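Nothing in this text is a laboratory measurement; each read-out follows from the coordinates by a stated rule. These numbers were taken from a predicted model, which means no experiment stands behind them. So basically every Cβ, Gly included, is an ideal-geometry build from the backbone, and we count neighbours across all protein chains shown.
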Amino acid sequence: MIKIHTDNAPAAIGPYSQAMKVGNLVFTSGQIPLDPKTGAMVGENITEQAHQVCKNMQAVLEEAGASMQDVIKTTCFLATMDDFAAFNAVYAEYFTGHPARSCVAVKTLPKGALVEVEAIAEIL
């Protein structure tokens, strides 16, 4: 197992890694819309926050030697399903390989985020 860390994505806000690489698989922790440099929340709406989440995810995957196109499964957490369509529009810009996905609404997310995404990628 290899711990993945990049300064181009937010540092973990708890006792966990940004991602773990096991063989040719990368398991990311959930990414929320934090600025990697300041740790501050980015965006006030789902569109702005989803873009930041995807940029953070991209940075973690790249550090592991993967790309967004290598993602085989995502799990997406929304603060409200009212944001589902707007989230999908942003998600489709980044996850162009159409990985398998689960998307659920949750009661609350860390730091009051509107969205969190985790992923599993395969490096070929």
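Give Ala89, Ala100, Ala113, Ala105 a once-over and let me know the one that is surrounded by 17 or more Cβ atoms within 10 Å (Cβ to Cβ) and of a type in the set (Gly, Ala, Ser). Break it down stepwise before answering.
On the way: Ala89 fails: surrounded by 17 or more Cβ atoms within 10 Å (Cβ to Cβ); Ala100 fails: surrounded by 17 or more Cβ atoms within 10 Å (Cβ to Cβ); Ala105 fails: surrounded by 17 or more Cβ atoms within 10 Å (Cβ to Cβ).
When all the criteria are applied, what remains is Ala113.
Can you name the residue in segment 40-71 that is of a type in the set (Val, Ile, Thr) and out of contact with any helix residue (DSSP H, G or I) (no Cβ under 6 Å at 6 or more places or on another chain) and is also nearest to Arg101 (Cα to Cα) among such residues? Per the criteria, the residue is Val71.
Checked against (1) closer than 15 Å to Gly112 by Cβ; (2) surrounded by fewer than 17 Cβ atoms within 10 Å (Cβ to Cβ); (3) in contact (Cβ under 8 Å) with a residue 24 or more places away in the chain, Gln69 meets all criteria but (1).
Taking Phe84, is it without any contact (Cβ under 8 Å) to a residue 60 or more places away in the chain and surrounded by fewer than 18 Cβ atoms within 10 Å (Cβ to Cβ)?
Values: without any contact (Cβ under 8 Å) to a residue 60 or more places away in the chain: yes; surrounded by fewer than 18 Cβ atoms within 10 Å (Cβ to Cβ): yes.
Here the answer is yes, as Phe84 does meet what is asked.
Based on this model, can you work out whether Val60 counts as buried (at least 17 other Cβ atoms within 10 Å of the Cβ) and closer than 29 Å to Ile123 by Cα? Spelling it out, Val60 is indeed buried (at least 17 other Cβ atoms within 10 Å of the Cβ) and closer than 29 Å to Ile123 by Cα. Filter segment 44-63 for residues that are more than 11 Å from the chain's Cα centre (by Cα) and free of Cβ contacts under 8 Å to residues at least 40 places away in the same chain; which is nearest to Asn8 (Cα to Cα)? The selected residue is Glu48.
Of the residues in segment 24-47, not one is among the acidic types (Asp, Glu) and more than 21 Å from Tyr91 (Cβ to Cβ).
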